[in-house]
Amino acid sequence: MAVPVEACFDDAPLLPGLLDCILAQTQTPERMQVLLVDGGSEDGTLELAQHAAETHPHIHCLANPRRRAAAALNVALAQA
């Protein structure tokens, strides 16, 4: 299974394009798990990620309270 991970923080302008690229993959959604790990964004990133998770069952929005990229990867690994 492919598991793209994106650690994000205040990335609202970039997230729609990233999601478009991920969703355009030829891999079927059943064989892909997308983990968006947000570090407490205040610019609408979290809302965009949550909407994507509600719309696409293979996308998951996770919280990264430690706000560091390494911590985000640990959160993602625990979920995957």
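The values are calculated or read from the model by the stated rules, or taken from the named source; none is laboratory data. A quick note: this is a predicted structure, and the numbers were derived from the prediction, not measured. Neighbour counts run over all protein chains shown; Cβ positions are idealised from the backbone, glycine included. Accessible surface is based on the protein model in full, side chains and every heavy atom, while ligands, DNA and RNA are left aside. Shrake-Rupley method; radii C 1.70, N 1.55, O 1.52, S 1.80 Å.
Values computed for the structure shown
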{"quantity": "Surface share of carbon and sulfur [accessible, 1.4 angstrom probe, percent] for the chain", "calculated": "56"}
{"quantity": "Heavy-atom accessible area ranking, 1.4 Å probe, most first, across 35, 48", "calculated": "48, 35"}
{"quantity": "Cα gyration tensor category, rounded, prolate or oblate, for region 13-53 with a/c compared to 1.5", "calculated": "prolate"}
{"quantity": "By accessible area with a 1.4 Å probe, ligands and nucleic acids excluded, highest first: order of 19, 46, 77", "calculated": "77, 46, 19"}
{"quantity": "Farthest positive-ward along the chain dipole, Cα basis, beta-carbon charges - from 79, 29, 51", "calculated": "79"}
{"quantity": "Cα gyration tensor category, rounded, prolate or oblate, for the chain with a/c compared to 1.5", "calculated": "oblate"}
{"quantity": "Assigned charges on the beta-carbon of Lys, Arg, Asp, Glu; the chain dipole about Cα centre (debye)", "calculated": "380"}
{"quantity": "Cα centroid separation, region 5-45 to region 48-80 (Å)", "calculated": "9"}
{"quantity": "Full-extension gain in nm, residue 79 to residue 50, via 0.36 nm per residue minus C-alpha separation", "calculated": "8.8 nm"}
{"quantity": "Surface per residue (accessible, 1.4 Å probe) for the chain, Å²", "calculated": "62"}
{"quantity": "Karplus (6.51, -1.76, 1.60) ³J(HN,Hα), θ = phi - 60°, over region 68-80, in Hz, Gly and Pro reported as x", "calculated": "10, 4, 4, 5, 4, 5, 5, 4, 5, 4, 5, 6, 5"}
{"quantity": "Residue 6 accessible area, 1.4 Å probe, all protein chains in place, Å² to nearest 10", "calculated": "60"}
